[in-house]
Structure formats: C-alpha cells, structure tokens
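Taking it in order: structure first as structure tokens, then the write-up.
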Amino acid sequence: MIDKDGSTYRVTAPMLIANARALLDAGRSLLRVEQEKSILIDLSAVADVDSSALAVFFAWQRSAVERGMALRLAGSPASLLSLADLYGVDTSLPLA
C-alpha cells in the first residue's frame with residue numbers, strides 16, 4: 001500500500017474511497033515514527049484516484065504539520081490534479 005524508502009513514501013495502491021481509511025491509517029502510522037522533517041509522497045504508481053485521495057492527503061498533511069514536518073507530492077496523476085483544480089484546492093497541493 002505504502003512503501004518507504006528513506007524520506008520518500010511511495011503509494012502503490014489505488015487512492016479510492018474503498019481503501020481510503022486503510023491508506024489514511026498507513027500514512028499516519030509511518031508519519032508517527034518518521035524522523036525526517038521533509039517527506040516526499042510519490043504517487044507515480046497510483047493509477048486510480050477519486051476525491052477521497054485529496055481528503056487522505058490533506059489529513060496526512062495535517063498530521064505532518066502537527067509533528068513539524070512538511071509533505072511534498074511527486075508524480076501526481078493527472079486525474080488527481082484535475083480533481084484538485086475542480087475543488088479549488090490545486091494551489092494547496094505542495095507539488096515537488
């Protein structure tokens with residue numbers, strides 16, 4: 001679901017409502033033990049997204065900020081960027 005390599009988290013599962021809770025929990029678990037202050041979330045392996053992907057990312061972002069960390073997104077699928085634009089949150093995504 002999420003592979004960790006140094007300060008990069010690579011999401012390998014579809015970011016859909018069906019597994020949003022599992023992704024949210026997995027990401028938060030990793031962030032709880034993370035020592036790095038700058039984390040890259042690599043979404044290049046994510047083929048399917050829906051609006052729950054934005055909710056999951058922003059929840060991860062809140063968790064990271066609470067711990068003094070910064071998250072950046074890399075490899076964001078075009079569909080995620082389109083959804084972010086549609087909902088007016090595209091400028092809130094910290095793209096790498």
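The values are calculated or read from the model by the stated rules, or taken from the named source; none is laboratory data. Values in this document were obtained by computation on a predicted structure and should not be read as measured data. Virtual Cβ from ideal backbone geometry, glycine too; neighbours counted across all protein chains shown. Each accessible area value is taken on the protein alone, full model and side chains, heavy atoms only, with ligands, DNA and RNA left out. Shrake-Rupley method; radii C 1.70, N 1.55, O 1.52, S 1.80 Å.
Summary table
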quantity: Residue that is farthest from Pro77 (Cα to Cα), among those in the stretch 8-49 that are touching a helix residue (DSSP H, G or I) at 6+ places or on another chain (Cβ under 7 Å) and either modelled with pLDDT under 95 or of a type in the set (Phe, Trp, Tyr) (or both); calculated: Leu31
quantity: Residues that are assigned to a helix (DSSP H, G or I) and either open to solvent by less than 10 Å² (accessible area, probe 1.4 Å) or closer than 13 Å to Leu31 by Cα (or both), drawn from the stretch 72-96; calculated: Leu80, Ala84
quantity: Number of positions in the stretch 66-96 that are within 18 Å of Ala45 (Cβ to Cβ) and touching an Asp or Glu at 6+ places or on another chain (Cβ under 6 Å); calculated: 2
quantity: Odd one out for Leu80 among (1) modelled with pLDDT of 95 or more; (2) in contact with a Phe, Trp or Tyr (Cβ under 8 Å, 6 or more places away or on another chain); calculated: (2)
quantity: Tally, over the stretch 17-44, of residues that are under 15 Å from Leu81 (Cα atoms) and either assigned to a loop (DSSP other than H, G, I, E, B) or in contact with an Asp or Glu (Cβ under 6 Å, 6 or more places away or on another chain) (or both); calculated: 2
quantity: Qualifying residues in the stretch 40-71 (those that are among the aliphatic types (A, V, I, L, M) and farther than 19 Å from Val89 by Cβ) - the one least open to solvent (accessible area, probe 1.4 Å); calculated: Met69
